[in-house]
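Bear in mind that the values in this text are calculations on the coordinates, not laboratory data. Given the structure is predicted, the values throughout are model-derived calculations rather than measurements. Here the Cβ positions follow ideal geometry from the backbone for every residue, glycine too, while neighbour counts run over all protein chains shown.
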Amino acid sequence: AQSVAQPEDQVNVAEGNPLTVKCTYSVSGNPYLFWYVQYPNRGLQFLLKYITGDNLVKGSYGFEAEFNKSQTSFHLKKPSALVSDSALYFCAVRGTGRRALTFGSGTRLQVQP
Amino acid sequence: NAGVTQTPKFRVLKTGQSMTLLCAQDMNHEYMYWYRQDPGMGLRLIHYSVGEGTTAKGEVPDGYNVSRLKKQNFLLGLESAAPSQTSVYFCASTLTGGANTEAFFGQGTRLTVV
């Protein structure tokens, strides 16, 4: 079985400050990890993914994520938050041989001006 | 470039009614998926398809049926709607079944069963 935990329902950060959205996972074999963002009344949009190699992955809109195998984590980060980053963020995992992604429960990011 | 298109975008059903949600993708993707999104629960997989003419059950398949008669279309059916099926439904597709391929999502269908 594979699972994802996003321990924070909501993260609040001031504009210009760094942000972190947490994600931990459980999977058999090598993990393939993804972050998606959902804006109001929209579908999910792909942000970035970790497949192999460098533990720091860079993605769209200035986001990056750090893969930590020993802590089974894949936290999403951004050095300087924008109000327009406010949205719902989902972490997802797919293990080797698995047919579909398993999603976390989502974290709402609120960036205050 | 439309990507993944879902119809309808909104629907209200009475308990016991039936309906079909249509998902169409124009990216020649092999795999297609139906998820439902409920508050605090993320997205849960209902059914998926690994190619034309194939379907398989996901995490929460009860009360739903699917068909993939054409590669570009994946239909989700509710035979007898129940209030517990009130949710937002998302269709997604991936080019292959490779674990490293990202999924592309439609804009969702908001279904309310009264």
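The table that follows gives values for the structure above.
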{"item": "Fraction of antiparallel bridges per DSSP, the protein assembly as shown only, in percent to nearest 5", "result": "90"}
{"item": "Number of partner chain Cβ atoms within 10 Å, mean per residue of B:87-99", "result": "3"}
{"item": "Candidates A:Pro18, A:Pro31, A:Pro40, ranked by Gaussian network fluctuation over chain A, Cα under 10 Å, top entry", "result": "A:Pro40"}
{"item": "At R0 = 30 Å, FRET efficiency that the Cβ-Cβ distance of A:Tyr61 and A:Ala1 yields, to 0.05", "result": "0.40"}
{"item": "Approximate spin-label separation A:Lys69-A:Asn30, in nm, with each point projected 7 Å along Cα-to-Cβ", "result": "1.0"}
{"item": "Fraction of beta bridges assigned by DSSP in chain A that are antiparallel (%, nearest 5)", "result": "85"}
{"item": "All-pairs Cα distance distribution in the stretch A:3-112, expressed in whole percent, bin size 5 Å", "result": "2, 13, 25, 26, 19, 10, 4, 1, 0"}
{"item": "Centroid-to-centroid separation of the stretch A:61-108 and the stretch B:1-53 [C-alpha atoms, Å]", "result": "23"}
{"item": "Average Cα contact separation per residue, chain A, under 8 Å, 6 or more apart, as relative contact order %", "result": "38"}
{"item": "Cα gyration tensor shape of the stretch B:25-114, rounded if a/c is under 1.5, else prolate or oblate by comparing a/b with b/c", "result": "prolate"}
{"item": "Average partner coverage of A:47-60, which counts Cβ from other chains inside 10 Å", "result": "1"}
{"item": "R0 of 35 Å, Cβ-Cβ distance B:Leu95-B:Asp38: FRET efficiency to nearest 0.05", "result": "0.80"}
{"item": "Cβ neighbours within 10 Å from other chains - mean over B:40-46", "result": "5"}
{"item": "Cross-link table A:Lys22/A:Lys49; A:Lys22/A:Lys69; A:Lys49/A:Lys77; B:Lys14/B:Lys57, entries beyond 18 Å C-alpha to C-alpha", "result": "B:Lys14/B:Lys57"}
{"item": "Fluctuation leader among B:Phe74, B:Phe104, B:Phe90 - chain B, Gaussian network, Cα springs under 10 angstrom", "result": "B:Phe104"}
{"item": "Reduced Cα scattering model of the protein assembly as shown, Debye log10 I(q)/I(0), q = 0.10, 0.12, 0.16, 0.17 Å⁻¹", "result": "-0.45, -0.65, -1.11, -1.22"}
{"item": "Most mobile of A:Ala81, A:Ala65, A:Ala100 in a GNM of chain A (Cα contacts under 10 Å)", "result": "A:Ala100"}
